[in-house]
Amino acid sequence: MIKLKIPATSANLGAGFDALGLALDLYNEVEMEEYDKLDISSADSTPVPTDEKNLIYISVSDLYKVCGKKLPGLRLRQVNNIPMTRGLGSSSACIVAGLVGANKMLGEPLSADDLVDLAAQIEGHPDNTAPALLGGIVTAVFDGRKVHWVKQEVFTKLKFAAIIPDFELSTEKARACLPQTVSHKDAVYNLSRAALFSASLLTGKFENLRTGVHDRLHQPYRTELIPHCREVFDIAYTHGAYAAYISGAGPTVMAIVDDSNEYFAGKTKFSLDNAGLTGWTVREFKIDNIGTRPFDN
Ligand code: HSE
């Protein structure tokens, strides 16, 4: 039986649309083995597709096809700790689980690079799948076939506070609202900030992070799809966040906070409740530097 844990991820990191992402210490778990039929179940209360539409199963099948192997059937158990459709990489975690699990079942014919490429081909962009596989913060360029990436481990005194609403926002809808073209000025605005963000995070110049997360490619449009998004940003900054950005396609707002700010989550939740935003919860995470790995019970 293959047993894997796969981290949640936060993509874009503000200005790095489809290019930057990092892994968090929140994990889905899967157990899988070849079987003579399809047997898929959820080991917690999260409902998951139990047929061929299951994303882990689809990814296992894809990898078998790439390797020219026939998948007889699959026994799969899932534990879904990553909230779904919230901008925390739940679908990427399924894709990565399927690919890494299938690769292990076949004796690891594909390299880490191959898996990063295949995962991005399935997802369409690499900024959740690559950090879910590799851990750390990943800078990635996807040329449509291959991902050119750098993974950097991050050891900081930062925590990532996910401010998660009780409603979902599909990536499909959150991508459909984006413009087809942007101005040269806006392109420069974003690329300078994405570069500043990475360099500042990795060198500890945290006072730059607030500027580094500003962007004109996706957040202004997605803010309109996330009720009370601006108020949530304001509350996060009021309680001392270095930066706040829409995590992935949203609707979660991610606040980057100093470890020493020990009451951030409590104060933020208190302010949210006072503002009538009772459906939002605050959960703090650290960066995961390892990525997908085997686990034992
Ligand atoms: N870069 C992606 C987006 C992440 O913002 O649409 C969500 O999958």
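Computed from the coordinates by the stated procedures, all read-outs in this text should not be read as laboratory data. Being a predicted model, the structure only gives us computed values, none of them experimental. Neighbour counts are summed over all protein chains in view; Cβ atoms, including those assigned to glycine, are modelled from backbone coordinates with ideal geometry.
Points worth noting:
- In the chain, the longest principal axis of the Cα atoms and the axis of helix 184-203 are about 80 degrees apart.
- Site pair Ala187 and Gln152 shows an inter-label distance of 2.4 nm when each label is modelled 7 Å from Cα along Cα→Cβ.
- Highest to lowest packing among 182-188, 246-252, 73-79, scored as the average C-beta count within 10 Å: 246-252, 73-79, 182-188
- Linear extension gain, Phe295 paired with Gln180, 0.36 nm per residue minus alpha-carbon span: 37.1 nm
- Once the GluC sites (Glu not before Pro) in DSSP loops with at most 16 neighbouring Cβ atoms within 10 Å are cut out of the chain, the longest remaining piece is 53-152.
- When the trypsin sites (Lys or Arg not before Pro) in segment 126-167 are filtered for DSSP coil states and for at most 12 other beta-carbon atoms within 10 Å of their beta-carbon, the remaining sites are Arg145, Lys157.
- For segment 2-153, the equivalent ellipsoid derived from the Cα gyration tensor has semi-axes of 24, 18, 12 Å, listed largest first.
- Mean separation of Cα contacts under 8 Å, 6 or more apart, over the residue count of segment 39-100: relative contact order %: 46 percent
- Formal net charge of residues neighbouring Gly135 (Cβ-Cβ distance under 13 Å; K, R +1; D, E -1): +1
- Applying both filters, DSSP loop and at most 10 other Cβ atoms within 10 Å, to the chymotrypsin sites (Phe, Trp or Tyr not before Pro) of segment 198-265 gives Tyr263.
- Calculated [θ] (222 nm, deg cm²/dmol) that DSSP helices of n ≥ 4 give over the chain, each run adding -39,500 (n - 2.57): -10000 deg cm²/dmol
- For Asn54, no residue whose modelled amide H falls within less than 5 Å of its own remains once neighbours fewer than 5 places apart on the same chain are excluded.
- Gain on full extension, evaluated as 0.36 nm per residue between Lys286 and Leu38 minus their Cα-Cα distance, stands at 85.7 nm.
- Electrostatic bookkeeping for Glu29 treats Lys and Arg as +1 and Asp and Glu as -1; over the other residues with beta carbon under 10 Å from its beta carbon, the sum is +1.
- Averaging the sequence gap over all C-alpha pairs within less than 8 Å and six or more residues apart, then dividing by the number of residues, gives segment 2-153 a relative contact order of 29 percent.
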